[in-house]
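Single-structure report; data block below.
The values are calculated or read from the model by the stated rules, or taken from the named source; none is laboratory data. Keep in mind the model is a prediction, meaning the values are calculated, not measured. Glycine also receives a Cβ, built like all others from the backbone with ideal geometry; neighbour counts cover every protein chain displayed.
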Amino acid sequence: MGKFSRLGNDLYEGNVSVDFVHRPWRWYALSGIFIVLAFTGLFFRGLNLGVEFQGGTEMKIDVPSSMVNQKTVDEVRTAVAGAGVTGAESPIVNTSGSQGLLVRTEQLSNKEAVKVAEVIAEVTNVDPKTKISTNDVGASWGKQVADRAIQGLIVFVVGVILFIWAYFREWKFSAGAIVALFHDILITVGIYALSGFEVTPATVTGFLTILGFSLYDTVVVFDKVRENTKDMRSSRRSYADLANLAVNQTLVRSINTSIVALLPVAAILYVGVTTLGSGSLKDLALALFIGMATGAYSSIFIAPSVLVQLKSREKEVSEQDRRAKARAKRDADRYANVPAFAEGMPVGEAAAGEPVEEGMEARISQPQSRPSQSGRPVAGAGREVPEPKRPVEESKSANRNQPTKQPRSKRNK
């Protein structure tokens with residue numbers, strides 16, 4: 001744990017850096033592979049729409065309250081799936097209140113519905129004529145849910161664009177966030193199609209929930225990018241370097257947040273798949289798990305790269321990049337950039353092609369010594385030579401015997 005903490009501190013200080021934004025095409029290529037797989041799943045398999053979206057048959061069973069438990073639900077699901085009725089191979093079985101069970105299948109004929117009811121009656125020991133009611137569910141309600149979800153998505157995207165534009169005061173931040181947002185939606189829908197999980201209203205709820213999670217992490221990264229590039233001219237790094245530093249500074253936080261959010265969702269998904277079987281809990285958990293994982297990926301690899309590419313064409317950013325490259329070249333070999341002296345060269349002339357930093361002209365052109373105001377000779381750094389008090393005379397000790405170093409045996413004799 002201590003090593004991880006030190007790593008986080010090194011990433012924040014810039015002592016350790018992972019390159020996220022300088023080579024964006026490798027991340028774009030990886031995301032492109034996932035998106036192609038997503039479109040492949042949508043084209044060849046399509047979404048497995050639930051009863052609410054394509055219609056079906058719904059059966060309500062009145063049973064004693066003691067039988068309204070998970071054990072009865074599993075028994076009824078297994079019996080209906082093994083009844084050999086086409087359209088009832090993957091039933092949705094849930095509890096309904098304290099004295100009922102709800103079974104939903106695809107559209108069944110009257111004969112098929114009677115057979116399924118008899119199978120349910122054998123498991124629950126109820127009268128199929130009085131305790132089991134059968135209704136046909138139309139697809140109109142599911143269509144309304146889908147229409148409302150699309151409307152909510154449009155309103156959400158428009159609100160996100162306006163909010164980020166107002167907060168960061170620049171449309172390029174909004175563009176980066178929206179690209180990452182649609183990246184997450186496409187991959188989540190594609191994996192849902194490939195997995196064959198049923199699309200229910202709970203799935204739609206999960207899709208709308210992941211939008212907020214993906215946007216939250218992206219805004220945190222963008223806020224750090226803005227903080228690092230606020231006073232860009234005083235920095236010795238390019239815009240891409242500062243943006244990459246921002247991603248590294250928020251990397252540990254993004255990983256911790258994603259893991260903490262994914263662990264309970266993964267537990268719910270595991271329970272929904274292995275124990276509960278088909279149900280709204282499993283559909284919601286899968287959408288949340290995929291969306292959160294892709295949201296963490298896009299906020300680190302996709303959104304900052306898109307922002308840097310959009311900003312790279314700005315004049316201020318390109319000038320900062322040029323200054324940073326010149327400084328890096330000068331720091332790599334400072335003696336290689338020393339200008340050759342020539343007669344008549346003005347004091348303070350910079351090397352050809354080398355940018356002059358602000359204030360450098362004044363420091364270079366300033367003379368190394370101050371002119372004397374009294375007209376007396378000056379020493380280095382412009383210091384005046386003090387006036388002599390008397391002429392220099394020969395020392396009186398010139399004719400004296402000077403002490404010499406004696407051996408210890410001859411001292412004090």
statement: Within segment 41-63, residues being of a type outside the set (D, E, K, R), outside any helix (DSSP H, G or I) and modelled with pLDDT of 80 or more number 4
- line: Among 190, 206, 212, the single one that is surrounded by fewer than 16 Cβ atoms within 10 Å (Cβ to Cβ), assigned to a helix (DSSP H, G or I) and not hydrophobic (A, V, I, L, M, F, W, C) is 212
message: Please pick out the residue among 214, 254 that is touching a Leu at 6+ places or on another chain (Cβ under 9 Å) and among the polar types (S, T, N, Q).
response: 214
task: Could you tell me whether any residue of segment 230-253 is surrounded by 19 or more Cβ atoms within 10 Å (Cβ to Cβ) and aromatic (Phe, Trp, Tyr)?
output: yes
query: Among the listed residues 75, 89, which satisfies the condition of being of a type in the set (Asp, Glu), part of a loop (DSSP other than H, G, I, E, B) and out of contact with any Pro (no Cβ under 9 Å at 6 or more places or on another chain)?
result: 89
query: Can you find even one residue in segment 92-106 that is over 21 Å from residue 201 (Cβ atoms) and crowded, with 20+ Cβ neighbours inside 10 Å?
result: no
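Filter the helices (runs of 4 or more DSSP H) completely within segment 221-321 down to those with at least 1 residues that are more than 23 Å from the chain's Cα centre (by Cα).
251-271, 280-297
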So residue 66, is it surrounded by fewer than 17 Cβ atoms within 10 Å (Cβ to Cβ), in a helix (DSSP H, G or I) and among the small types (Gly, Ala, Ser): yes
query: Hey, among 139, 202, which residue is modelled with pLDDT under 85, touching a strand residue (DSSP E or B) at 6+ places or on another chain (Cβ under 9 Å) and of a type outside the set (Val, Ile, Thr)?
result: 139
query: Within segment 117-138, can one find any residue that is surrounded by 15 or more Cβ atoms within 10 Å (Cβ to Cβ) and closer than 23 Å to residue 202 by Cα?
result: yes
- prompt: Restricting the first residue to segment 123-134 and requiring it to be closer than 9 Å to residue 62 by Cβ, which pairs with a second residue that is surrounded by fewer than 18 Cβ atoms within 10 Å (Cβ to Cβ) and hydroxyl-bearing (Ser, Thr, Tyr) meet a Cβ separation below 7 Å and a spacing of at least six or different chains?
  reply: none
